[in-house]
Amino acid sequence: MITYAPKHVTVSSGGADGPAKGLLRFLTCGSVDDGKSTLIGRLLYDTKLILEDQLLALERDSRKHGTTGDDIDFALLVDGLEAEREQGITIDVAYRFFSTPRRSFIVADTPGHEQYTRNMATGASNSDAAVILIDARKGVLTQTRRHSYICSLLGIRHILVAVNKIDLVDFSGERFHHIVGDYLGFAQSLDFASITTIPVSARFGDNITQHSDRMCWYDGPSLLEHLETLDVERALEEKPFRFPVQWVNRPNLDFRGFSGTVASGVIKEGDRVVVAGSGKESTVARIVTADGDLSDARAGDAVTLTLADEVDVARGDVIARADSRPEVVDQFAAHVLWMAEEAMLPGRSYLMRIGTKYIPARITSLKHKVDVNTLEHIAAKTLGLNEIGLCNVATAAPVAFDPYTENRETGAFILIDRFTNATAGAGMITFGLRRATNIHRQSLLVDKASRVELNGHRPAILWFTGLSGSGKSTIANIVERELHVHGAHTYMLDGDNVRHGLNRDLGFTDADRVENIRRVGEVAKLFVDAGTVVLCSFISPFRAERRMVRELVGAEEFFEIYVDTPIEECMRRDPKGLYARAKEGKIKNFTGIDSPYEVPENPEIVVNTSGATAEEVARRIIEALRERRIIG
Amino acid sequence: MSTTIASRSVSLHLKRLESESIGIIREVAAEFRNPVMLYSIGKDSGVMLHLAMKAFYPSKPPFPLLHVDTRWKFRDMIRHRDRIVERYGVKLLVYTNAEGVARGINPIASGSQLHTQVMKTEALKQALDQWDFDAAFGGARRDEEKSRAKERVFSFRSAGHVWDPRNQRPELWNLYNTRIAKGETIRVFPLSNWTELDIWQYTRAQDIPVVPLYFAAPRPVVTRDGLLIMRDDDRMPLLPGEKEETRTVRFRSLGDYPLSAAIESRATTLDGIIDEMLASRTSERSGRLIDNDEAASMEKKKREGYF
C-alpha cells in the first residue's frame, strides 16, 4: 500500500474542528444474509454514534420486525424505508455518517440483490473503498464476484474483504485462509490497488472496532483501524487539471468569472489554460473565493477562475491546462449500466450529462453485454434493467473527456430518457474512437440554399405515421401526385419498399425498429439537403424515434402527419391480411397487437380517415403545406 | 464590490463538505428557471445561507429566501430572521397559509399533526405554487432521520409535490439529473452529507450568527409530558396543575415553540454547545414532538410534501 505525505497544507490540522485525516467514503456490499446492515449498525454502535432515543426506537422496532430474537437487530437501524423494514431487505442506498478522532466516514449501505445492481453502482460511484462481506460458512459466491466486478467497473481501487460470521465456523483460521485464497484467485484480474482481508463477527463485534481475542491466528488490523488509515485522498490531485465550468459569474461589467469545482489536478495563478472544446488559450488571472483570492486550487475545491483574455467560455465547457488536454471527440466506447425499466435501444436518442454539459447522444452499437455473474461477454441487441454492456456512443457535438480508469470525474456520464426525464443509464468511457476526430466534413460549393433557389420551393420531410392499414401510403401517394403537379421535386420512402433493400437486414424487434427509422431518417435528411420534398410512410410506433428524425432537420422542415384511424377500422380493412395472421400468432411484434403504438403528442397535422376519402385528406395536407409556404 | 466574508480556517473535512455544498447550490442556479431557498431560521438554514453567499461571490445568490411562517415561531427567531436578511442583503419572501389561519388551526387546539400538515406542509406547497418555483433548497441532513438517509441530493417531486421513495432517480457521481417537465419540481439538499456536529463546528469556524435560543439562559418553561416547553407568549395556556418556572435551558432544534422541547444546559457559547454535543447521548430531533407521532412518521410526512 502506498502512503502519502501531505505536500501542501492549506487547512488547519484537525483538532477541535474535526479529524485531521479528512473524509473517507466507502460502501458496504453483500447480500441479505451476509450481515451488511448489522456490520454498519455495529460500527455506529461501537463508535457511540447510536444515541439513547435511537436505541430505544431500535429496541422497540427489533421486537416488532427483528430477526435476532431478543438481541438488538442492528439492520433495522439502517433500513429506513417502510417497505424495507417490512420485507427485511435493503432496497435503496442509505448514507450513514460516523467519525472517530482520526477520520470522518460516509458509508453507503447498498443492496446486494442482482435486481438492485443500479443502487449498488450508485453507492460505488462516490466511494473510495468498498467493504465486501463474505459469509464464512458459504465462502466466495456468485454475488461476491458480481459485487467485486461492479466495484472495479466503477473505479473503486481499495477493497476490504470482511469474512463475516466467523463465530459460526468456530473462529477457524483454516476456513478464513481458504476463503481468502479463493477470493484473491479471481480478484487478480480486477485491477484493485489494494485488497485487505479481515475475519470478523459483526453481530458480536470481533475485529470490527477492536481486536478480537478469539482469533489469535489473526494479527492484522481491525476493520475500523484499517479504514482509519487507508490512504485515498491525494489521488485526484495528481491527475491533470480539469475544471468543468458550472456557472458564469457576472456581477457587473468589470468582472467575468467561471465558477466550478476543480475535478482533478492543481491550478495556479498565472498557469496557461485552454478551453477544451474550442482550443482557445488564456492564462489564469485570479482564483477567486469568498475567503479571498487563492494562489492555487486543488481537486475538490469550489472556486471561481478569471482569465487574462476575453475568451468565449460557457457552462458545460472544460478548462484544462494547456500542456495536458483532455480528448475531444464525438464518438467513444463506454461501459453502460442500464437503470431503466424500458430497455436501452441502440439508435435511440438520449440526453447525456457529462461534467456540467447536457448533450443529445445515441448508442450506435452494443458490442456485447457482460454477464455480471460470470463476467462472460454475450452478444446482445439491447440492454435491460441492471444490465451492463460495452457500447459505442455518438454525441451530437464533440465533448471533452478522459478515460474513466484515468479520471472518474471526467470519464463518467449519465443518460436521461428524453420523455420521462428518468436517469436511464450510467456510463464509463473506455476510449475515444479516432474516426470521429479524423473525418472532417467536406464543405461543398453548391449548398442547400442554392438548390432551393433553383427548385422554387422549400424542402421538407412529410412523415406519415399510424397503424398498419391506417391509409398512410394511400394518402402519401396522392399527396405526392399533387405535389408533382405543382412542380415540386418529390421522393417517396415507403416502409415496405425500404425493407426490401436498405433495411433488408432488419427485423421487427424494438431494437431493429429503432435502427430502421434511424436509417430512413438519415436518408430523408439527404433528400432534404438535396432540396426535395420527401414523403415517408412508416408505422414508426415510438415517439423517441420520430423525435430523432425531427431533430435531424430544421424545425420548419419536418411535418409529422398522424393518420388517426382506429385499430378496429384498420383490422376491418386489413389490406394485406396482416392483422389476421398476427392474431393467429403467425406474426410476432405486430404494432397494435403485441407491440405498442405511441400516439403523437404534437403532430403538425392529424387526419381522420373515417369520415373522409383519401383524396379529401390529401387535399387538406396540400393546403397545410401551402399555408406553411413549402409550396407556392 | 462587497467585502470578503470573514472566516477562520476549517478542517480538511469541513472544507470538503463546504465545496460539495457550494457545487450543489451553483448547479441549481445554473439549471433551474426559478429557484428558491427555504429559510427556517435554524442553524442549518444559517449554514446553508452562508454557503450560498460564498457560492456566488462576488455576485449575490440569484434566488430569494422563503420563510414559511406558521405564526408560532419563537419571537427570537423572527427577530433573528430580520437581522440576517439585512446583514446579508438578500431578498426574503414570507408566506403564511391564510386559509389555515382563518380555520383557526394552531398547535395547541388542533394538535401537532394537523397544525404541521396545514401550516407547514400545505403552506409550503401553496407558496411554491404561488411563485411558480421549480426548485427549492432545504437544509435537511441525512443524519437526522432514517428516511432522510435514503433521500437524494436532487429529490424529484411529481406534480402536486409528491415524493415517491420507491421510485427515486439513481444519483451517480456528482452528475445530478436536473431535468423536469412542467409542473414538476426538485427539492435540493445541499447539506445532505453534513452531521449536526459538522454544522456546529462550521458555524463556529465561520462565525455564522445563530438564534440566541441555541444558547443556555434562564427561560420560563413548563414541564408537559416530561418535556420542557417554553411559553414564548400567552397563547399557550397552562393546564391544571402546571406552573411556569424559570430554568436555565437551551434548544438543540428550533420549530414552533409549543412543539420544541428545551434541554437543561449550561452551554452559553458555541464551544459549550459542541462540548455538550460530544458528551450527549440523545439525538437532536428527540425534542421535536412531531417526529414521534408514529414510527415511520417522517417518511409519511415527506411523501405528502414536508421538507
For this session: Over all alpha-carbon pairs in segment A:329-436, figure out the percentage whose distance exceeds 19 Å.
Result: 36 percent
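If we count trypsin sites (Lys or Arg not before Pro) as exposed when they sit in a DSSP loop and have at most 15 other beta carbons within 10 Å, what is the longest stretch of chain B that avoids them all? Provide the component values of the computation, followed by the final result.
On the way: sites that count: B:Arg8, B:Arg33, B:Arg71, B:Lys91, B:Arg103, B:Lys182, B:Arg235, B:Lys243, B:Arg266, B:Arg281.
Maximal segment without exposed cleavage sites: B:104-181.
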Seminar exercise, completed: Chains B and A: accessible area buried, summed over both chains, 1.4 Å probe, nearest 100 Å², reads 6300 Å²
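How high is the FRET efficiency from A:Ser365 to A:Arg543, r the C-beta distance, R0 22 Å, rounded to 0.05?
Details: r = 23 Å, r/R0 = 1.03.
Approximately 0.45, to the nearest 0.05.
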For this session: Using DSSP, restrict attention to beta bridges with both residues in the protein assembly as shown and report what percent are antiparallel, rounded to the nearest 5.
Result: 65 percent
Exercise. What dipole magnitude, in Debye to the nearest 20, does chain A give about its Cα centre under +1 on Lys/Arg Cβ and -1 on Asp/Glu Cβ?
Worked result: 1740 debye
Problem set entry | Rounded tilt (10° steps) of A:510-529 against the dominant C-alpha axis of chain A | 50 degrees
For this session: Quickly work out the A:Glu59-to-B:Ile108 label distance, labels modelled 7 Å from Cα along the C-beta direction, and quote it in nm with one decimal.
Result: 3.5 nm
Exercise. In what sequence, largest accessible area first, do B:Thr246, A:Thr532 appear using a 1.4 Å probe?
Worked result: B:Thr246, A:Thr532
Seminar exercise, completed: If one compares the long axis through the Cα atoms of helix A:52-65 with the longest principal axis of the Cα atoms of chain A, the angle in degrees, nearest 10, works out at 70 degrees
Problem set entry | segment A:448-627: relative contact order in percent, alpha carbon pairs under 8 Å with at least 6 residues between | 34 percent
Problem set entry | Threshold 40 Å², segment B:37-63 residues less accessible with all protein chains present than alone (1.4 Å probe) | B:Tyr57, B:Pro58, B:Ser59
Problem set entry | Equivalent ellipsoid, segment A:448-627 (semi-axes from 5 times Cα gyration tensor eigenvalues, Å) | 27, 19, 14
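Expressed in nm to one decimal, what extension gain is obtained for the pair A:Asp293 and A:Arg581 from 0.36 nm per residue of sequence separation less their Cα-Cα distance? Let's see the in-between values first.
Details: separation 288, 0.36 × 288 = 103.68 nm, distance 7.46 nm.
Contour length minus Cα-Cα distance gives 96.2 nm.
Quick one: length gained pulling A:Arg214 to A:Ala322 fully straight, 0.36 nm per residue minus the C-alpha distance?
Working: separation 108, 0.36 × 108 = 38.88 nm, distance 5.79 nm.
Taking 0.36 nm per residue and subtracting the Cα distance, the gain is 33.1 nm.
Could you work out Rg/(2.2 N^0.38 Å) for segment A:192-348, with Rg from alpha carbons only?
On the way: Rg = 23.0 Å, N = 157, 2.2 N^0.38 = 15.0 Å.
It is 1.53.
Between A:Asp529 and A:Glu376, what's the calculated FRET efficiency when r is the beta-carbon distance and R0 is 56 Å? Round to 0.05. Please list the in-between numbers first.
On the way: r = 44 Å, r/R0 = 0.79.
Taking R0 as 56 Å, the efficiency between A:Asp529 and A:Glu376 is 0.80.
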Exercise. If you plug each phi of segment B:212-229 into the Karplus form 6.51 cos²θ - 1.76 cosθ + 1.60 with θ = phi - 60°, what whole-Hz ³J(HN,Hα) values come out, in order, with x for Gly and Pro?
Worked result: x, 4, 6, 9, 5, 7, x, 9, x, 10, 10, 9, 10, 6, x, 10, 8, 10
For this session: Starting from one equal scatterer on each C-alpha and no solvent at all, send me the Debye-based log10 I(q)/I(0) for the protein assembly as shown at q = 0.07, 0.10 Å⁻¹, two decimals.
Result: -0.67, -1.24
Problem set entry | Projected label distance in nm at B:Lys300 and A:Arg629, using a 7 Å step from Cα toward the beta-carbon | 6.3 nm
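Contour minus end-to-end for A:Leu502 and A:Asp46, with contour as 0.36 nm per residue of separation and end-to-end as the Cα-Cα distance?
Details: separation 456, 0.36 × 456 = 164.16 nm, distance 6.75 nm.
That works out to 157.4 nm of additional length.
Using the membrane-span-like helix rule (whole DSSP H runs, Cα extent along the own axis of at least 30 Å, mean Kyte-Doolittle hydropathy at least 1.6), which helices of chain B qualify? Mind dumping the intermediate values first?
Details: long enough: none.
Both cut-offs are met by no helix.
Nothing charged except the Cβ atoms of Lys and Arg (+1) and of Asp and Glu (-1): what's the magnitude of the dipole of segment A:371-484 about its Cα centre? Round to the nearest 20 debye. Present the calculation step by step, with values, prior to reporting the outcome.
Working: 11 positive and 11 negative charges, 107 e Å.
Computed charge dipole of segment A:371-484: roughly 520 debye.
Cross-link list B:Lys54/B:Lys150; B:Lys15/B:Lys60; B:Lys15/B:Lys73; A:Lys268/B:Lys15: which exceed 25 angstrom alpha carbon to alpha carbon?
Numbers: B:Lys54/B:Lys150 28 Å; B:Lys15/B:Lys60 21 Å; B:Lys15/B:Lys73 32 Å; A:Lys268/B:Lys15 19 Å.
Over 25 Å Cα-Cα: B:Lys54/B:Lys150; B:Lys15/B:Lys73.
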Exercise. Which angle from 0 to 90°, rounded to the nearest 10, does the C-alpha axis of helix A:614-627 make with the longest principal axis of chain A?
Worked result: 80 degrees
For this session: Could you check the simple spin-label distance between A:Met492 and B:Asp225, using points 7 Å along Cα→Cβ, in nm with one decimal?
Result: 7.7 nm
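Under Stokes-Einstein, with the Kirkwood radius over Cα pairs standing in for Rh, what whole-number D in µm²/s applies to chain B at 37 °C and 0.692 mPa s? Numbers along the way, then the final one.
Working: Rh = 20.1 Å.
In µm²/s, the coefficient is 163.
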For this session: Between B:Ala279, B:Ala159, B:Ala123, find the one with the highest GNM mean-square fluctuation for chain B; connect C-alpha pairs within less than 10 Å.
Result: B:Ala279
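Let me check against my output: what whole-number percent is the relative contact order of segment A:235-294, with C-alpha pairs under 8 Å and at least 6 apart? Working shown, then result.
On the way: 85 pairs, mean separation 16.0, N = 60.
Result for segment A:235-294 is 27 percent.
The values are calculated or read from the model by the stated rules, or taken from the named source; none is laboratory data. No experiment lies behind these values; they were computed from the predicted model shown. With ideal geometry, Cβ positions are generated from the backbone for all residues, glycine too; neighbour counts draw on all protein chains shown. Quick note on the areas: whole protein, heavy atoms, side chains included, nothing else; ligands and nucleic acids left out. Shrake-Rupley method; radii C 1.70, N 1.55, O 1.52, S 1.80 Å.
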